[in-house]
1. Taking the criterion of being surrounded by 16 or more Cβ atoms within 10 Å (Cβ to Cβ), more than 8 Å from every other protein chain (Cβ to nearest Cβ), under 30 Å from B:Arg246 (Cα atoms) and at pLDDT below 95, would at least one residue in segment A:57-71 satisfy it?
2. Of the conditions (1) modelled with pLDDT under 95; (2) surrounded by fewer than 17 Cβ atoms within 10 Å (Cβ to Cβ); (3) within 14 Å of A:Ile414 (Cβ to Cβ), A:Tyr161 clears all except one; give me its number.
3. Where residues in segment B:10-50 are polar (S, T, N, Q) and under 18 Å from A:Ser241 (Cβ atoms), which of them is farthest from the other protein chains (Cβ to nearest Cβ)?
4. Please enumerate the residues belonging to segment B:409-434 that are part of a loop (DSSP other than H, G, I, E, B), farther than 22 Å from B:Leu354 by Cα and of a type outside the set (A, V, I, L, M, F, W, C).
5. I'd like the residue in segment B:243-257 that is surrounded by fewer than 23 Cβ atoms within 10 Å (Cβ to Cβ) and in contact with a Ser or Thr (Cβ under 8 Å, 6 or more places away or on another chain) and, out of all such residues, is nearest to the other protein chains (Cβ to nearest Cβ).
6. What residue, among those in segment A:482-491 that are in contact with a helix residue (DSSP H, G or I) (Cβ under 6 Å, 6 or more places away or on another chain) and under 11 Å from A:Tyr426 (Cα atoms), is surrounded by the fewest Cβ atoms within 10 Å (Cβ to Cβ)?
7. Kindly indicate which of B:Glu76, B:Glu112 is touching a residue at least 60 places away in the same chain (Cβ under 8 Å), surrounded by fewer than 20 Cβ atoms within 10 Å (Cβ to Cβ) and over 28 Å from the mean Cα position of the chain (by Cα).
8. Looking at segment A:222-242, I want the residues that are at the interface with chain B (Cβ under 7 Å from one of its Cβ atoms) and have a partner that is surrounded by fewer than 20 Cβ atoms within 10 Å (Cβ to Cβ) and among the β-branched types (Val, Ile, Thr) with Cβ atoms under 6 Å, at least 6 apart or on another chain. Which pairs are those?
There are 2 protein chains.
Amino acid sequence: MTLEEAKEKLIELQQKLSAYEHATSLIYYDGVTAAPRGAAVNRAQTLEVLSGEMYLLATGPETVELLEFLDGRKAELSEREQRMVYLLLKDIRQMRKIPMDEYVAYQRLLSEADDVWHRAKEASDFELFRPVLEQIFETNIRFAGYCAPEKDPYDYWLNEYEEGVSKESLDKFFAALRERIVPLLRKVQAAPQLDNSVIKGHFPVDRQDILSHKLMEVIGLDPEHVGLSTTEHPFTISFGSHLDERITTHYYEEDFSYSMYSVIHEGGHAMYDTGSDDELARTVLDGGVSMGIHESQSRFFENFLGRSRAFCEYLFPVLEEIFPEQMAGHTAEELYRAVNRAEPSLIRTEADELTYCLHVCVRYELEKRVMAGELAVRDLPGEWNRLYKEYLGIDVPDDKRGVLQDSHWSGGSIGYFPSYALGSAYGAQFLRRMKETVDVDGCLRRGDFAPIAAWLRERIWKHGCTYRPADLFRMAAEEEFDPMVFADYLEEKYTELYGL
Amino acid sequence: MTLEEAKEKLIELQQKLSAYEHATSLIYYDGVTAAPRGAAVNRAQTLEVLSGEMYLLATGPETVELLEFLDGRKAELSEREQRMVYLLLKDIRQMRKIPMDEYVAYQRLLSEADDVWHRAKEASDFELFRPVLEQIFETNIRFAGYCAPEKDPYDYWLNEYEEGVSKESLDKFFAALRERIVPLLRKVQAAPQLDNSVIKGHFPVDRQDILSHKLMEVIGLDPEHVGLSTTEHPFTISFGSHLDERITTHYYEEDFSYSMYSVIHEGGHAMYDTGSDDELARTVLDGGVSMGIHESQSRFFENFLGRSRAFCEYLFPVLEEIFPEQMAGHTAEELYRAVNRAEPSLIRTEADELTYCLHVCVRYELEKRVMAGELAVRDLPGEWNRLYKEYLGIDVPDDKRGVLQDSHWSGGSIGYFPSYALGSAYGAQFLRRMKETVDVDGCLRRGDFAPIAAWLRERIWKHGCTYRPADLFRMAAEEEFDPMVFADYLEEKYTELYGL
């Protein structure tokens, strides 16, 4: 095999893996958008076959030989080719440690779990979900043992979502944030509450749908490559490459802001994915590099941009056009105050910027304890409710609005939640740096996201997975990670808003 | 390999093939329902990989060895196992005659063609579509040459859609029908036209959507296994097995009957598919056996049942509930007359029962001549328009409403159209036989499709592809095929309707 032949085969391999990823992602997406209920078992059977084939392709002797050959001639590869080989070998070494039948059974379990979770959430019945959730936790612990027997299982998974992160670093990170957020929240709760009547009322789905498309256009999503659907829980997904991206939202007729910020949040994910250099399409370097960086982009769009006073000034006349009756008598400033009203609440995805990290804390604590064998899955609802009372001071009325609210666990994503908080903290540093060269508020006031997107594309998006997340963060922020920047941002914003 | 092992492997092979079919069908479906426009190339790249893998799986030495082993011990197999081996070997022998690179390139071409056709239709620009359509015709002729060099290429493809059919038999079939239909149509045209104002007006999409779901329930589709979407051109598709079936429709706000009969037509296809015995799921015997039998079911639901006076009597009060203002002052009899109004028209899928076969004739004549090299693809629009004038007496104003109206050619389905006419003719014989034991009109008047479905399930649906279409037809109809039964049905119906 010549080096040139090997390089060609490297591209071909990634083309094939992308095809399987396209198929399996689309089957998942179909399951949560259009599929009839009773088709879940049929989907699971297909996913079992395809994930088995993908496993064979990704870990087969031909692939290993190719990658080891290229790894041996690393010096002759481009930076991107080196990273492709590194990431593929890392995956293979990991996958080869998991017996194929267990890997395939896990994929099947996840496919069924998604359906079971939907039913359990609808019925607010944790017991329905418990058996599969137990299997998911057990399997994640077992797989961590196969892949990194020297590591703590939860550390292993945390590191999978954000390279370099551990229980030790996160314990410190969350403690530091809590130390600043809890006293601030107490002051906010003592002050007169902000009025949010401007976002409440009746907002028909078809009008909200117009708003969604308008927002997608404003933030800069390319309609040729990004589609919109509705699902129970909003998410972003790509099919085979960043050239086929989908976001989803969920409409509530009594409050348009839920879907509005879902579209902006998922839109941030999609801007990041679709901002990859086109030459990365259908390679392992395509799209976002880690969950933390991904959430730094989505929460950047949602909060730092979307919930800013400047953007609310742009947004209000847009809303007046789409909801003329509902907006009558209101102002942009009222909108700004309404979408930043802080108060302890039940649902993470609807939480304000200030209390959001406390929601993440609950999940982090629970995952940590179940993964360590200190907490049984059957005791999750009780502990969930206890921690919501302790951290946020509220009573959880049912599991639908409690432990069953998120789709992550049913998807096997244990260790994912901390990235939401990390992402928020990363974003605060990006914003501070960006403001040195971009008139962010001026752009937002005009609804002109292009200069903001250009900054992010140049420093973050276009690289895809070329750099390690920590390196990428430092390159973009031009400094070390420091969660206090985020705490300062929150303090300044809420002190002004609540007149503290 | 023992016989038992081989039988297990036979099931496993079909499970795998079903998984690839699930993935590729879903990618197609996504392309015409939810996908953003610019994702077509990405989809084509994925389909190229998956169809290549499927080709290797279906024609690889291990598969051939297995099937030849089983074929050698035919006597020890069940009737269904024998048929599985026969169908798989037939496919393999055929696929092995097509070079893999050409097969894969063709799949890619079809995926791109679908997108090009959509654009061309929208712009009413045949020239945009011409290059890919030329490639499709060329490839179909070439593939026919590989698979059956002794056969005429069009005969080969006709036989693929309906075993046993040829240009010779179809020339006779269409001539016999034309001989009866053309004079009948002339008499109809000379009589006073039926009023169709009851189906015209303004019918909002969301109300029509309610009607669609009501119809799906009435005809007996299981909502756990059959979903509904909207597309440019209505169709039915299954994903991996009959347990995950989808139908699509297209809403026109000025006339609800288009979508109504699309749902009933596609619903007939879906009843047939989902009526397969469950043990056939994820095998090659699952679902409908041929296009002719398939269309006999869809057109049976659409016309023989859906456009009957008895069903209109059931339907009218349903419509009164959904469209109270629009139905005010109208009657069930008016509905019956409106949905059976016969007149030469431009669009096949909107054509009445009487003129429908003439639309099919145009396509049959054109395909026959292009496949024989007697007509160039670039001359299709002109010839299309000339034949519409000759057969139906009308002028085609543009290609959107002419040669670009159907999706079949862009999907590579050349030789499919005749099955629509054959299906209609089959259905007339099924109806006559069914009426001997089922009170069809009584059932329709009550909106009770169960006894009708039970008759069809028992004689046709449950068998899936176990029997050859001609055998299945004879088993169900208990007689030989005779298109005059259909001609008699039309004559009786339209003579009464138009008072001839």
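The values are calculated or read from the model by the stated rules, or taken from the named source; none is laboratory data. Given the structure is predicted, the values throughout are model-derived calculations rather than measurements. Note: ideal-geometry Cβ built from the backbone for every residue, glycine included; neighbour counts use all protein chains shown.
1. So the first thing to find is which residues in segment A:57-71 are surrounded by 16 or more Cβ atoms within 10 Å (Cβ to Cβ), and the list is A:57-59, A:63-64, A:66-67, A:69-70.
Applying the additional criterion that residues be more than 8 Å from every other protein chain (Cβ to nearest Cβ) yields A:57-59, A:63-64, A:66-67, A:69-70.
After this cut, where a residue has to be under 30 Å from B:Arg246 (Cα atoms) as well, the list is none.
No.
2. (2)
3. Here is the first cut: in segment B:10-50, the ones polar (S, T, N, Q) are B:14-15, B:18, B:24-25, B:33, B:42, B:45-46.
Subset that is under 18 Å from A:Ser241 (Cβ atoms): B:24, B:42, B:45-46.
Values: B:Thr24: 8, B:Asn42: 4, B:Gln45: 7, B:Thr46: 4 Å.
Residue satisfying both the conditions and the ranking: B:Thr24.
4. Here is the first cut: in segment B:409-434, the ones part of a loop (DSSP other than H, G, I, E, B) are B:412-417.
Imposing the further condition that a residue be farther than 22 Å from B:Leu354 by Cα reduces the set to B:412-414.
B:Gly412, B:Ser413, listed by residue number.
5. Taking segment B:243-257 and keeping what is surrounded by fewer than 23 Cβ atoms within 10 Å (Cβ to Cβ), we get B:248, B:250-255, B:257.
Next, only the ones that are in contact with a Ser or Thr (Cβ under 8 Å, 6 or more places away or on another chain) stay: B:248, B:250-252.
Details: B:Thr248: 10, B:His250: 16, B:Tyr251: 14, B:Tyr252: 18 Å.
Checked segment B:243-257; the qualifying residue nearest to the other protein chains (Cβ to nearest Cβ) is B:Thr248.
6. Looking at the filtered set, the residue picked out is A:Val485.
7. Details: B:Glu112 fails: over 28 Å from the mean Cα position of the chain (by Cα).
Only one candidate qualifies: B:Glu76.
8. As it stands, the answer is A:Ser229/A:Thr33, since those pairs meet every condition given.
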